[in-house]
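**Student:** So that we are looking at the same thing, I have put the structure below in structure tokens.
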Amino acid sequence: MTRLPQNPIKVGVLGATGTVGQRFILLLSTHPFFKLHVLGASSRSAGLAYSKAVRWKQVSPIPECARDLIVKTCIAQEFAECSIVFSGLDADVAGDIEAEFRAADLAVFSNSKNFRRDPVVPLIVPLVNTSHLSIIPHQRSLNSLQKGFIVTNANCSTTGLVIPLAALEKAFGPIDTCLVTTMQAISGAGYPGVPSFDIFDNVVPHIGGEEEKMEWEVAKILGGIAEDGQSFDCRATSPLLVSASCNRVPVLEGHTECVSVRFARRPPPSVEQIQQAMRDFTCEAQEVGCPSAPKEVIFVHEEVDRPQPRLDRDFQKGAGVNVGRIRPCPVLDVKFVVLSNNVAIGAATSSIINAEYAVLTGVVASDPVA
Ligand SMILES: NC(=O)C1=CN([C@@H]2O[C@H](COP(=O)(O)OP(=O)(O)OC[C@H]3O[C@@H](n4cnc5c(N)ncnc54)[C@H](OP(=O)(O)O)[C@@H]3O)[C@@H](O)[C@H]2O)C=CC1
Ligand SMILES: N[C@@H](CC(=O)OP(=O)(O)O)C(=O)O
């Protein structure tokens, strides 16, 4: 277990008024060592007190530490005192703004898709591949930076998928084929998101760009880093084919995914071995003592009708994933159901654990100034 920083570390949030931004505010308001310092959003919100700018949609009230902060425009100068900047920006603007922040030598942890394919930007699901942070010195050197970088977290559906896949590969070796069908909550589309007329009493069998993202992100996350530490192998020598079908369903929070996989090794593991491997799975974020990491990465349900979004999405504050219905697949080897909280481990919680890990392993220096 690493020693926690003794002094608060000042952090900023870009897109602080949005669905993901509001989750950042809640989580950071009680964080043991991150301290909310600057909030940024669009020119519509800038200049207003946070409580006036935001359309607050959370069950808990706006935390006191954020209520009266004046929202800033998203320019790097406003965030110069922050050691870490979290981004929940609309993807239409995230690319330019995050690039400007990195160029100003700021450490950016982003939820947006813009930099996920960048060859020197790690795409990190904190319960799976925190080791990919080792590429940061190379990213800094390419951009002539001392402290700055961009780290992204994955698409929320990819996040729920790769955690059980990582547990299975750790125990039983490579998976070569994966079929996944998602049932995604409406909060995944931000606010106001999908019109009620479209989603009430309905299922929408299309989420723009989602299937493509799931199909390629898995390989970057579950792949390794080249020996020289300067690129990601994206499973070049051990391909993992993913076929995704994504659907929007009338659920507020929590993405459910039906997954079938085939292992490269024969014979495949039994259902009992798979249950045990999922229960036993641990990750480096737990080992280094990240305060927001879940106690259990994967909770395995035995009831035939679990997991369910309404019942299981808040387990461990949404930081772990729920798996159930593990059973043989007559086409591939095994199939199961995953439920992950799209706005927690699928978004803000992931960014925060990534940043905790970066601090605890020295990638981001702890700020000695309180
Ligand atoms: N919702 C989810 O489950 C997940 C979302 N993501 C990603 O996270 C990001 C945020 O998503 P979400 O919170 O749902 O989106 P929202 O639409 O709810 O929020 C978007 C935020 O971006 C700000 N913004 C919009 N335009 C500008 C601009 N020109 N300059 C500065 N800020 C701007 C908004 O500020 P204002 O209020 O002032 O308009 C708001 O704070 C997206 O990239 C999304 O794809 C990733 C994983 C899961
Ligand atoms: N598209 C996801 C959420 C999201 O914003 O994904 P991404 O971060 O990959 O753009 C959903 O609708 O549930």
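**Student:** Return yes or no: is residue 299 in the same structural domain as residue 173 (by TED's automatic domain parsing), buried (at least 18 other Cβ atoms within 10 Å of the Cβ) and in contact with an Asp or Glu (Cβ under 6 Å, 6 or more places away or on another chain)? Steps first, answer last, please.
**Tutor:** Numbers: in the same structural domain as residue 173 (by TED's automatic domain parsing): yes; buried (at least 18 other Cβ atoms within 10 Å of the Cβ): yes; in contact with an Asp or Glu (Cβ under 6 Å, 6 or more places away or on another chain): no.
Spelling it out, it is not the case that residue 299 is in the same structural domain as residue 173 (by TED's automatic domain parsing), buried (at least 18 other Cβ atoms within 10 Å of the Cβ) and in contact with an Asp or Glu (Cβ under 6 Å, 6 or more places away or on another chain).
**Student:** Against the definition (assigned to a helix (DSSP H, G or I) and either modelled with pLDDT of 95 or more or of a type in the set (Asp, Glu) (or both)), how does residue 176 come out, yes or no? Can you show your working first?
**Tutor:** Working: assigned to a helix (DSSP H, G or I): no; either modelled with pLDDT of 95 or more or of a type in the set (Asp, Glu) (or both): yes.
In short, no.
**Student:** Looking at (1) away from ligand 2 (no atom under 15 Å from the Cβ); (2) in contact (Cβ under 8 Å) with a residue 60 or more places away in the chain; (3) part of a helix (DSSP H, G or I), can you tell me which one residue 197 breaks?
**Tutor:** Every listed condition holds for residue 197 apart from (2).
**Student:** Condition first: small (Gly, Ala, Ser), over 18 Å from residue 218 (Cα atoms) and assigned to a loop (DSSP other than H, G, I, E, B). Now tell me which residues in segment 95-147 satisfy that.
**Tutor:** Pass one, segment 95-147, residues small (Gly, Ala, Ser): 95, 99, 103-104, 107, 110, 112, 131, 134, 141, 144.
Checking which are over 18 Å from residue 218 (Cα atoms) leaves us with 95, 99, 103-104, 107, 134, 141, 144.
If the condition is that a residue be small (Gly, Ala, Ser), over 18 Å from residue 218 (Cα atoms) and assigned to a loop (DSSP other than H, G, I, E, B), then 104, 144 are the ones that fit.
**Student:** Next question, about the same structure. Here is a check on your reading of the model: is residue 183 outside any loop (DSSP other than H, G, I, E, B), within 14 Å of ligand 2 (Cβ to nearest atom) and touching a residue at least 60 places away in the same chain (Cβ under 8 Å)? Explain how you work it out, then say what you get.
**Tutor:** Working: outside any loop (DSSP other than H, G, I, E, B): yes; within 14 Å of ligand 2 (Cβ to nearest atom): yes; touching a residue at least 60 places away in the same chain (Cβ under 8 Å): yes.
Considered against the rule, which asks whether it is outside any loop (DSSP other than H, G, I, E, B), within 14 Å of ligand 2 (Cβ to nearest atom) and touching a residue at least 60 places away in the same chain (Cβ under 8 Å), residue 183 comes out as yes.
**Student:** Here's a check for you: in segment 342-359, which residue that is under 17 Å from residue 15 (Cα atoms), in contact with a Ser or Thr (Cβ under 7 Å, 6 or more places away or on another chain) and of a type in the set (Ser, Thr, Tyr) is surrounded by the fewest Cβ atoms within 10 Å (Cβ to Cβ)?
**Tutor:** Step by step, filter segment 342-359, then rank; the result is 350.
**Student:** If residue 141 satisfies all but one of (1) of a type in the set (Ser, Thr, Tyr); (2) within 16 Å of ligand 1 (Cβ to nearest atom); (3) free of Cβ contacts under 8 Å to residues at least 40 places away in the same chain, what's the number of the condition it fails?
**Tutor:** Against the list (1) of a type in the set (Ser, Thr, Tyr); (2) within 16 Å of ligand 1 (Cβ to nearest atom); (3) free of Cβ contacts under 8 Å to residues at least 40 places away in the same chain, residue 141 comes up short only on (2).
**Student:** So in segment 163-193, with the set limited to residues that are of a type in the set (D, E, K, R) and touching a strand residue (DSSP E or B) at 6+ places or on another chain (Cβ under 7 Å), which one is farthest from ligand 1 (Cβ to nearest atom)? Step through it out loud before you land on a result.
**Tutor:** So the first thing to find is which residues in segment 163-193 are of a type in the set (D, E, K, R), and the list is 169-170, 176.
Checking the rest, the ones that are also touching a strand residue (DSSP E or B) at 6+ places or on another chain (Cβ under 7 Å) come to 169, 176.
On the way: 169: 23, 176: 27 Å.
Only one residue tops the list, namely 176.
The values are calculated or read from the model by the stated rules, or taken from the named source; none is laboratory data. Quick caveat: nothing in here was measured; it's all calculated off a predicted structure. All Cβ positions, glycine included, derive from the backbone under ideal geometry; neighbour counts span all protein chains shown.
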